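K.L.:
One structure coming up, written as structure tokens, with questions to follow.
The values are calculated or read from the model by the stated rules, or taken from the named source; none is laboratory data. For clarity, every value in this text was computed on a predicted model and none was experimentally measured. So basically every Cβ, Gly included, is an ideal-geometry build from the backbone, and we count neighbours across all protein chains shown.
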Amino acid sequence: MEKQPSVLTSLLLVKSRLFEVTLNRTLLTWKEVHLRRKKVSGNISNRLRFGVHSVPVSEIIAVRETEVDKGTKAEGKWQKMTHITIETHLCAFTVSYVEKTGQHRWRSSNMTFFCSDETVCQQWVRTLKEQLSLLTCRPKHLLVYINPYGGKQQGKQIYEHKVAQLFTLASISTDVIVTEHANHARDHLKTQADLRKYDGIVCVGGDGMFSEVVHGLIARTQSDSGVDLNDSQAKLAQCNLRIGIIPAGSTDCICYATVGVNDPVTSALHIIVGDSQPMDVCSVHHHNTFLKYSVSLLGYGFYGDVLTDSEKNRWMGPARYDFSGFKTFLSHHYYEGTISFLPATNTLGSPRDSSRCRSGCYVCQHRVKDISPIKWGEGGDVSENEFEGEWKAIKGKFLAINAASMSCACPRSPKGLSPAAHLADGTTDIILVRKCSRLNFLRHLLRHTSKDDQFDLTFVEVYRVKKFKFTPKHCDSELSDIRDVRENAFGQICRDHPSCDCTPVNSNWNCDGEILEHAAIEVGVHCQLIKLFARGIEENPPFEEDVSPSAV
Ligand SMILES: CCCCCCCCCCCCC/C=C/[C@@H](O)[C@H](COP(=O)(O)O)NC(=O)CCCCC
Ligand SMILES: Nc1ncnc2c1ncn2[C@@H]1O[C@H](COP(=O)(O)OP(=O)(O)O)[C@@H](O)[C@H]1O
Ligand SMILES: [Ca+2]
């Protein structure tokens with residue numbers, strides 16, 4: 001391979017040790033140099049190299065000149081090492097950069113380089129700043145929404161103590177809004193925010209807060225483009241502003257599945273370096289009325305019931321999901337209905353693949369370019385659509401119907417509900433868990449937390465689809481209030497349930513942590529509708545090469 005031309009090379013001191021520091025178009029490298037005892041020449045061949053450390057320019061956060069106290073240890077060291085006995089006044093500059101500390105976690109590190117020549121020092125600072133200014137993907141102005149109420153109610157503190165100073169270091173200016181009520185961020189984005197001022201939006205909170213921001217941004221983009229949200233067949237206009245998530249919620253699945261960890265500092269650094277990750281969005285309609293968008297999980301049955309129950313126990317914080325999960329597991333309700341779907345035929349992946357959606361994913365880059373206008377197949381057996389392929393319909397009794405548009409990996413389930421799902425391939429994975437024994441359902445749930453294949457069970461089916469529709473056995477139209485209608489052991493509708501041993505006929509859809517008003521829904525995937533400040537999960541995050549100077 002051709003050697004890249006170097007932009008700058010100097011011998012500089014780092015922590016009283018001599019380093020050869022090189023900057024080319026893409027990398028800043030510093031290599032420790034041990035001078036031979038009888039050293040005279042500055043020729044590189046006369047030096048022994050030890051610690052080597054490289055940082056991509058794209059992962060440098062900032063550079064600044066640093067004050068050096070006269071008569072520092074470094075000055076004496078410089079004279080000793082370079083055998084220069086004339087009076088030297090060291091000057092220095094500090095580079096702040098991203099350090100990858102393992103398990104997808106990033107930290108901000110500083111390295112201060114000392115040199116004896118002020119002009120050289122200034123040249124380094126100028127050149128590094130010039131290089132950084134060429135990185136046009138980096139945001140300069142951000143609009144930040146903080147949910148003080150999500151997760152353990154630490155959103156404000158997390159932003160102030162862990163994120164704000166990093167944005168300042170990277171010269172990012174912010175307008176910060178601490179939300180005062182649910183949907184504050186959504187409505188502000190929809191109608192008020194002057195989006196021309198910003199290079200991105202940041203939400204501090206959980207999946208629900210992210211969902212608010214997504215709804216506000218999509219609604220605003222569609223209204224600016226004259227697209228009718230209620231038209232389930234409409235092709236939606238792409239949102240250009242990227243969204244950053246500072247995780248401060250209860251599940252943080254979207255952050256975890258796009259970054260690999262739910263860590264506020266890591267997410268702040270992904271925003272600073274200007275990462276970009278496209279993401280699919282499902283639109284959810286009920287008979288041509290828009291309900292919601294979903295980017296992670298649409299879950300009916302188990303996950304819908306967990307969410308409905310957990311809302312009563314919000315005071316428990318994230319633990320409410322464990323409590324309600326246990327209760328819902330014990331209740332073991334199944335629900336009847338028909339799921340019809342349009343299988344994804346000309347895409348590259350399958351939900352049973354052993355490969356995963358990772359940074360720079362090949363499958364997402366080679367996704368089918370567009371989705372044609374949504375045409376809804378009949379809810380009956382099988383119907384033919386000459387343009388899009390064949391709709392399929394499955395009628396049955398289900399403990400859970402999940403549509404995962406991404407893996408839905410989160411700390412509770414590190415590989416997620418559909419480990420091979422893709423962030424940006426224009427499809428969603430439907431997972432059907434048919435009525436089975438409690439023990440079998442437990443086996444399925446436990447596989448979310450282990451390495452075993454959660455689909456390799458006779459009562460579990462998985463399909464990769466572009467569109468789907470769910471019709472509950474008891475349609476919303478025939479029931480005045482679906483939340484209050486139950487069925488007795490003989491399959492008869494019962495409205496007097498407190499006195500009998502009956503079960504609810506319908507569940508609720510859990511749509512990224514929000515409860516939908518209707519059980520009958522039509523869903524279409526909009527490929528790469530939004531972009532996040534993320535890069536997808538890195539396969540083998542590079543670790544420090546050799547020994548880092550800080551460790552020497
Ligand atoms: C017996 C062991 C069972 C373990 C099963 C664990 C499976 C967990 C998978 C969770 C997938 C979560 C998908 C994402 C859902 C979120 O959108 C939603 C809202 O999040 P937030 O706004 O941050 O509160 N979270 C949930 O619905 C929680 C589901 C938890 C179920 C136990
Ligand atoms: N200031 C606020 N007061 C009450 N609710 C809010 C506020 N700001 C946002 N919300 C709502 O809080 C809900 C949960 O937020 P989220 O950040 O996802 O936390 P969690 O992960 O704990 O559910 C969301 O539905 C969001 O609309
Ligand atoms: Ca997808």
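K.L.:
Could you grab me the full set of residues in region 161-180 that are of a type outside the set (S, T, Y) and touching a Phe, Trp or Tyr at 6+ places or on another chain (Cβ under 9 Å)?
P.N.:
Passing the criteria: D175, V176, I177, V178.
K.L.:
Which members of region 133-159 meet the condition of being more than 16 Å from ligand 2 (Cβ to nearest atom) and not in a helix (DSSP H, G or I)?
P.N.:
At the first step, the residues of region 133-159 found to be more than 16 Å from ligand 2 (Cβ to nearest atom) are 133-142.
Of everything in region 133-159, those that are more than 16 Å from ligand 2 (Cβ to nearest atom) and not in a helix (DSSP H, G or I) turn out to be L134, L135, T136, C137, R138, P139, K140, H141, L142.
K.L.:
Search region 287-305 for residues that are of a type in the set (S, T, N, Q) and pair each with any residue that is at pLDDT 95 or above and part of a strand (DSSP E or B) when their beta-carbon atoms are under 8 Å apart and the residues are at least 6 apart or on different chains.
P.N.:
Filtered contacts from region 287-305: S294/V281; S294/C282; S294/V284; S294/A403; S294/C511; S294/V523; S296/A404.
K.L.:
I need every pair where a residue in region 308-322 that is within 20 Å of L298 (Cβ to Cβ) and outside any helix (DSSP H, G or I) has its Cβ under 8 Å from the Cβ of a residue that is within 16 Å of ligand 3 (Cβ to nearest atom) and not β-branched (V, I, T), sequence separation at least 6 or different chains.
P.N.:
Listed by first residue and then by second, the contacts come to nothing, as the list is empty.
K.L.:
Further question on the same structure: Confirm whether K162 is more than 16 Å from ligand 2 (Cβ to nearest atom), touching a residue at least 12 places away in the same chain (Cβ under 8 Å) and within 30 Å of R320 (Cα to Cα).
P.N.:
So K162 fits the description; yes.
K.L.:
Among the candidates S437, S407, single out the residue that is within 23 Å of D305 (Cα to Cα) and over 28 Å from the mean Cα position of the chain (by Cα).
P.N.:
Of the residues listed, the single one that is within 23 Å of D305 (Cα to Cα) and over 28 Å from the mean Cα position of the chain (by Cα) is S437.
K.L.:
Can K70 be described as loosely packed, with under 13 Cβ neighbours inside 10 Å and either modelled with pLDDT of 90 or more or over 45 Å from the mean Cα position of the chain (by Cα) (or both)? Outline the logic, then answer.
P.N.:
Working: loosely packed, with under 13 Cβ neighbours inside 10 Å: yes; either modelled with pLDDT of 90 or more or over 45 Å from the mean Cα position of the chain (by Cα) (or both): yes.
Here the answer is yes, as K70 does meet what is asked.
K.L.:
Can you name every residue in region 196-235 that is away from ligand 2 (no atom under 14 Å from the Cβ) and β-branched (V, I, T)?
P.N.:
Within region 196-235, I201, I218, T221, V227 meet the criteria.
K.L.:
Need the failing condition index for G349 against (1) touching a Ser or Thr at 6+ places or on another chain (Cβ under 8 Å); (2) away from ligand 1 (no atom under 16 Å from the Cβ); (3) part of a strand (DSSP E or B), just the number.
P.N.:
(3)
K.L.:
Separate question: What number of residues in region 160-171 are over 30 Å from S310 (Cα atoms) and outside any loop (DSSP other than H, G, I, E, B)?
P.N.:
Adding up the residues that qualify gives 6.
K.L.:
For the subset of region 335-362 comprising residues that are over 30 Å from G304 (Cα atoms) and of a type in the set (A, V, I, L, M, F, W, C), which member is modelled with the highest pLDDT? Break it down stepwise before answering.
P.N.:
To start, the set of residues in region 335-362 that are over 30 Å from G304 (Cα atoms) comprises 346, 348, 359-362.
Next, from what is left, pick out any that are of a type in the set (A, V, I, L, M, F, W, C): 348, 361.
Working: L348: 85, C361: 95.
Top of the filtered list is C361.
K.L.:
Another question, then. Give K162, K129 a once-over and let me know the one that is out of contact with any Pro (no Cβ under 7 Å at 6 or more places or on another chain) and not polar (S, T, N, Q). Let's see the steps before the verdict.
P.N.:
Values: K162 fails: out of contact with any Pro (no Cβ under 7 Å at 6 or more places or on another chain).
After ruling out the rest, the residue left standing is K129.
K.L.:
Spot the failing condition for I430; the list is (1) under 18 Å from the mean Cα position of the chain (by Cα); (2) within 16 Å of ligand 3 (Cβ to nearest atom), and only one is missed.
P.N.:
I430 satisfies all of (1) under 18 Å from the mean Cα position of the chain (by Cα); (2) within 16 Å of ligand 3 (Cβ to nearest atom) except (1).
K.L.:
List the helices (runs of 4 or more DSSP H) that sit entirely inside region 201-276 and contain at least 2 residues that are within 16 Å of H104 (Cβ to Cβ), within 16 Å of ligand 3 (Cβ to nearest atom) and touching a residue at least 24 places away in the same chain (Cβ under 8 Å). Give the steps one after another, and end with the answer.
P.N.:
Numbers: elements: 207-225, 253-259, 264-272.
Counting at least 2 such residues, we get 253-259.
K.L.:
Given the residues S331, S310, S296, which is the only one that is more than 16 Å from ligand 3 (Cβ to nearest atom), of a type outside the set (F, W, Y) and farther than 16 Å from R438 by Cα?
P.N.:
S310
K.L.:
Tell me, please, whether a residue that is aliphatic (A, V, I, L, M) and more than 30 Å from I515 (Cβ to Cβ) can be found in region 175-189. It would help to see each step written out before you state the result.
P.N.:
Within region 175-189, the subset aliphatic (A, V, I, L, M) is 176-178, 182, 185, 189.
This time we only want the ones that are more than 30 Å from I515 (Cβ to Cβ), so: none.
Taking every residue of region 175-189 in turn, none turns out to be aliphatic (A, V, I, L, M) and more than 30 Å from I515 (Cβ to Cβ).
K.L.:
Can you name the residue in region 435-456 that is at pLDDT 95 or above and in a loop (DSSP other than H, G, I, E, B) and is also farthest from V284 (Cα to Cα) among such residues?
P.N.:
S437
K.L.:
Taking region 483-526, which residues are away from ligand 2 (no atom under 16 Å from the Cβ), at pLDDT 95 or above and part of a strand (DSSP E or B)?
P.N.:
Within region 483-526, I521, E522, V523, G524, V525, H526 qualify.
K.L.:
Sticking with this one: Kindly indicate the residue of region 395-418 that is within 16 Å of ligand 2 (Cβ to nearest atom) and part of a strand (DSSP E or B) and also nearest to C527 (Cα to Cα) among those meeting that condition. Please lay out each step first, then the result.
P.N.:
Of all residues in region 395-418, those within 16 Å of ligand 2 (Cβ to nearest atom) come to 408-413.
With the extra rule that they be part of a strand (DSSP E or B), the set shrinks to 410, 413.
Details: C410: 22, S413: 25 Å.
Filtering first and then ranking leaves C410.
K.L.:
Does T174 fit the bill of being exposed (fewer than 13 other Cβ atoms within 10 Å of the Cβ) and not in a loop (DSSP other than H, G, I, E, B)?
P.N.:
Values: exposed (fewer than 13 other Cβ atoms within 10 Å of the Cβ): no; not in a loop (DSSP other than H, G, I, E, B): yes.
Answer is no for this residue.
K.L.:
Criterion first (polar (S, T, N, Q), modelled with pLDDT under 85 and assigned to a loop (DSSP other than H, G, I, E, B)) does S480 satisfy it?
P.N.:
yes
Quick grid of which residues meet (1) closer than 20 Å to E59 by Cβ; (2) crowded, with 20+ Cβ neighbours inside 10 Å; (3) in contact with a helix residue (DSSP H, G or I) (Cβ under 6 Å, 6 or more places away or on another chain):
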residue: S109; (1), (2), (3): yes, no, no
residue: V120; (1), (2), (3): no, no, no
residue: W124; (1), (2), (3): yes, yes, no
residue: L132; (1), (2), (3): yes, no, no
residue: Y145; (1), (2), (3): no, yes, yes
